[in-house]
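Here the structure comes first, spelled out in structure tokens, and everything after it is commentary.
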Amino acid sequence: MRALVFLVLALLGPPGFADDYLQLYRSGGWPEQREHFHAALASAQQRYRTNLPPAIYQTLVDNSNQRFAAQAMDRRALAALRARLPQPGPALTFFESPLGRKIVAAELTATRSDQLARHANGLPRMQADATRRLLIRHLAQAIPAGEAGAELSLALAGVAADSLSQMVPGFGLFSGGQLGMLDNQRQRIRDEIEQDLDNTLMYVYRDLSDPELEEFVEFAESPAGRAYYQAALAALRAGLAVGQQ
């Protein structure tokens, strides 16, 4: 798995010539998160296998593998990051710091397939004092976790719809006149995620001390942090290509 990640990075840019955007992409854990998404995609494809006719199932697999090809996802996401983030330096400095690396490691652990399967029925309820709960609430308001979760859910749900639209013209759930439906689904999923967002963030960042969490919040609420997370959400949407044919 790690060898594949290194291969993708090598294809993205020659060693020694990586710019700040590519380095930020690496330091932020994007290639590993993309691999975690591919694991979730493979599970979704398997769930459809027993419910769809063989021809439609094969179309689903072919379409989703093409749409979510690693190099294509990386190119789209990196292009959006370059376009939306004028100054990558501050975010790069943060994510290459010891605290930044600890945050990324926590996020990567939370999205591993074994962890997702372990908590398929919900995360444990986290206990915390008022100070930590306040810090988590500030973090939840500063980073687009709910929006990001909605985009990932829509991408996985759209796999079947896109394939059916290819075989049955006019079926497309996420295209043409159905984009309003897509926006409604996006908001519904986001609302569901945000109902329990504080507990989710408390669990993901449970190994951060209160001073570390406070420093994280300060970055996320700073102009540089807000610029990064807005650009990161745009990059995620570009990489997943939700709603695009």
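Rule-based calculations on the coordinates, nothing more; no lab input. Quick caveat: nothing in here was measured; it's all calculated off a predicted structure. Please note: Cβ atoms are built from the backbone with ideal geometry, for glycine as well, and neighbour counts cover all protein chains shown.
Remark: the range 100-110, residue by residue, has Karplus-estimated 3J(HN,Hα) of x, 5, 5, 5, 4, 4, 5, 5, 5, 4, 5 Hz, where x stands for each Gly or Pro and the curve is 6.51 cos²θ - 1.76 cosθ + 1.60 at θ = phi - 60°. Projecting label points 7 angstrom from Cα along Cα→Cβ for ALA39 and LEU116 puts them 0.8 nm apart. Normalised by residue count, the range 20-240 yields a Cα convex hull volume of 123 Å³ per residue. Label-to-label distance, ARG125 versus LEU52, with points set 7 angstrom from Cα along the beta-carbon direction: 4.0 nm.
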